[in-house]
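So the structure is just underneath, and the comments pick up after that.
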Amino acid sequence: MNFKFLKDKKNWEKLLFVYRHNKRNNLIESQYRGTTKKIYGFYHAYCMCEKWEKLVEEQLEHLVSSGLYDNIDCLFTGILISQKDMEKLEKLLSKYSKVKILYTDDDSSLLEFKTLMEMQKKSYEETFFGFYFHTKGITWLNTDPKIYSVGNSWRLMNEYFLFDKWKLAVETLQQGANLYGTNYQKIFNDKFRLIGMNFFWFKSDYVANVHINREISTPTE
């Protein structure tokens with residue numbers, strides 16, 4: 001660790017920001033009394049590396065164990081996968097009746113964009129509460145176990161607030177927020193705003209009116 005970094009108190013906020021807890025969370029969660037709106041999940045799965053099924057199954061099992069799966073209407077899924085693995089995919093997903101495949105494609109350069117665009121398209125068509133997540137860190141699974149371990153910890157933290165705290169998320173939206181997630185930041189002189197790891201809840205009418213930047217090109221994780 002770079003200890004010179006820690007000597008400057010201005011950096012403490014950057015280091016600890018994600019661990020701060022909103023003191024109103026418990027109160028907001030306790031006010032949840034259900035919702036009349038449909039709840040849709042959107043899942044981007046990158047399945048073009050070895051052992052991809054390990055992470056995909058782990059994420060789907062977490063969705064179920066959190067209780068969120070039983071309360072959603074559909075889990076729309078975009079999948080990047082080679083044709084040779086389609087049988088394996090079909091077998092894995094056969095246990096989850098609420099999964100609806102939006103598309104499968106073997107073009108890894110698509111990244112998450114196609115799934116995000118399908119999510120926005122659905123937001124034009126219906127009014128709902130939705131959440132988005134993806135196979136964060138999957139390309140590290142086989143290439144660098146140490147980096148995967150660190151990235152996996154971040155993924156699990158985000159899944160905790162996305163899945164396990166779903167009542168808090170829905171109630172936050174019902175009380176007026178457009179988005180819900182962890183580590184919300186403003187960067188580049190407030191030109192861009194982001195939510196940690198791109199795991200988030202949203203209102204469909206908000207997503208219907210945002211610009212999804214398809215110009216950015218980064219390696220798939």
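Read-outs: derived from the displayed coordinates by stated rules, not from any lab. Quick caveat: nothing in here was measured; it's all calculated off a predicted structure. Heads up, the Cβs are rebuilt from the backbone with ideal geometry, glycines too, and the neighbour counts pull from every protein chain shown.
Computed quantities for the displayed model
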read-out	value
Contour minus Cα-Cα distance for Asn198 and Thr35 (0.36 nm per residue)	56.3 nm
Phe128 long-range amide H proximity, modeled H, under 5 Å	Ser204, Asp205
Förster-model FRET efficiency, 35 Å R0, Thr127 and Met86, C-beta, rounded to 0.05	0.55
Label-reachable residues, the stretch 28-54, where backbone N falls under 19 Å from a point 7 Å from Asp205's Cα toward its Cβ	35-40
Net charge contributed by nearby residues that have their C-beta within less than 10 Å of Thr172 (K/R +1, D/E -1)	+1
Inter-label distance for Lys146 and Met117, nm, one decimal - labels placed 7 Å from Cα along Cα-to-Cβ	3.9
Ile101/Asp73 FRET efficiency (R0 22 Å; Cβ-Cβ; nearest 0.05)	0.90
Karplus-derived 3J(HN,Hα), 6.51/-1.76/1.60, for each residue of the stretch 161-170, Hz, glycine and proline x	6, 7, 8, 5, 9, 5, 5, 4, 4, 5
The stretch 66-105 shape via C-alpha gyration tensor axes, a/c threshold 1.5	prolate
5 angstrom amide H check on Phe200, placed H, neighbours 5+ away	Tyr132
